[in-house]
Every structure is written in C-alpha cells, then in structure tokens.
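The values are calculated or read from the model by the stated rules, or taken from the named source; none is laboratory data. This one's a predicted model, so the numbers in the text were calculated from it and none came from an experiment. Counting neighbours? That spans all protein chains shown, and the Cβs are built from the backbone with ideal geometry, glycine included. We work out accessible area using only protein heavy atoms, side chains counted, and drop any ligands, DNA or RNA first. Shrake-Rupley method; radii C 1.70, N 1.55, O 1.52, S 1.80 Å.
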Amino acid sequence: SQTIHQWPATLVQPVGSPLSLECTVEGTSNPNLYWYRQAAGRGLQLLFYSVGIGQISSEVPQNLSASRPQDRQFILSSKKLLLSDSGFYLCAWSVPGGGNTIYFGEGSWLTVV
Amino acid sequence: ELKVEQNPLFLSMQEGKNYTIYCNYSTTSDRLYWYRQDPGKSLESLFVLLSNGAVKQEGRLMASLDTKARLSTLHITAAVHDLSATYFCAVDGMDSSYKLIFGSGTRLLVRP
C-alpha cells in the first residue's frame, strides 16, 4: 500500500532563517505531488504542485520554493523565513491523472518567531 | 479563476439532528472531493464525486454532486458527537495539474 511521510512534524524558526520540509511517498511511481499551507483556522492554500521530476509549478508568489529531486520526494524550502510563513504545511500525493483521491501527509507545524 | 464557497462556515447542532453543508464552485468541473479535518490533524478523504448526479454514503454522511448547478452537498443524518470536525470540499479545476482548490471549511460542533 502507499504511504506518505512528512517531516519534521513541528518546528520553531527565527525570522530570516532557512527552511526545509521534506516529503516522501512510498508504494507508487510518478505520483502527482502537492504542497499546501493552512494558516490558523483557515482553509488550504495550494503552494506548489509537481507532475514529474524537476517539474514544479508555483501557485502563489512568495519567498518559498519547491524541488522534486527524485520521483517520490518533494521538498519545500525558504532561504529567509518571514513571520507570515507560519502555518500548517501539508504535503499530498495522488495517482497520475484526474479524478483520483489526493492523500495528505501528517503535516508540519511551522512557527516563525 | 476557480473559486469554491462553503456554507455555513460554522455549524453547531444537537445530537440526533439532520443538517446539510453546501459547496458551490465557480467553473465547470465534475470532480468534487470532501475531506474531514480533526483539530491539529491532517485531512482525511471522505468522498470523491466524479459525475453529475453522483451520490455516495458512508455511515451518517451522504454527499451528492450537481454539476449543472455547480453544487455539492454533504448531508448529516442523526448527528453524533464523533462527527465534530471541520469539513472541506475541494474542486478539481479540470486542467492538466489535477490540483484541488479548497473551500474555507465548515466547522461542525455536535452538542449532546
């Protein structure tokens, strides 16, 4: 069966520090991969999605970036965090093609102080 | 630009009662998803609706999709406390990215 792992689960970072969140999917090949962010008490905002290695699409201009160095690995990064980057970050995956369930990882809580 | 609106945003209901959550979206799509989120947790997939008139049921929850009206409903029957959570609908924009655009969520509180 397929599983998705996301880490770290929680982190507190000072303003201006770098960020790296990692996500890996097991048990499938060539998945669609997504990064979403949820601000406290709010809905989900799509940040990045990828339909293949090295193919990254950005939905919202910001100081975050994403990379997909391997087929089932998706990384969210920042060189310098802002206070507004605080939130709950969720990695997700789906089988290629439309009409398939998108499955979410456990999420990473980021607090920028 | 695809927009997804849910209402109500907050719902407090008594155990045993019935209620419906509504999800409207702005552009053509026949792929509609419902998720549940418990406080501090990730999202759990509830239903995937892939055609006009699709209806799916799981326990006390039933979801339906009317693509012509661009409307999906999540109906709760005889609510129990365990259903307390935030419910999100999400719509696939029907482009090659297969990404989902989420509504703001409906926070459901079921009172004894």
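Here are some notes:
- For the stretch B:1-100, applying the loop criterion from DSSP together with a ceiling of 13 other beta carbons within 10 Å to the trypsin sites (Lys or Arg not before Pro) yields B:K3, B:K17, B:K68.
- Total formal charge among the other residues, if their Cβ is under 11 angstrom from that of A:L33, Lys/Arg +1 and Asp/Glu -1: +2
- Cα centroid of the stretch A:69-98 to Cα centroid of the stretch A:1-24, whole Å: 8 Å
- Of the GluC sites (Glu not before Pro) found in the stretch A:10-113, the ones in coil according to DSSP and having at most 15 other Cβ atoms within 10 Å of their Cβ are A:E106.
- Couplings 3J(HN,Hα) for the stretch B:51-65, derived from phi with the Karplus relation 6.51 cos²θ - 1.76 cosθ + 1.60 (θ = phi - 60°), are 7, 4, x, 5, 9, 9, 9, 9, x, 8, 10, 9, 10, 9, 9 Hz, where x marks Gly and Pro.
- Quarter of Cα convex hull surface for the stretch B:4-111, i.e. mean projection, nm²: 6.3 nm²
- Max mean-square fluctuation residue, GNM over chain A, Cα-Cα springs under 10 Å, options A:S17, A:S65, A:S77: A:S17
- Area hidden from solvent between B and A (accessible, protein heavy atoms only, 1.4 Å, total, Å²): 1600 Å²
- Entry note: chain A has Rg to Rh equal to 0.95, where both radii use alpha-carbon atoms and Rh is the Kirkwood radius.
- Environment charge at B:D92 (Cβ cut-off 12 Å; Lys +1, Arg +1, Asp -1, Glu -1): 0
- In the elastic network of chain A, a GNM with C-alpha springs shorter than 10 Å, the most mobile of A:Q38, A:Q73, A:Q62 is A:Q62.
- Exercise: per-residue mean of other protein chain Cβ atoms within 10 Å, A:28-40: 1
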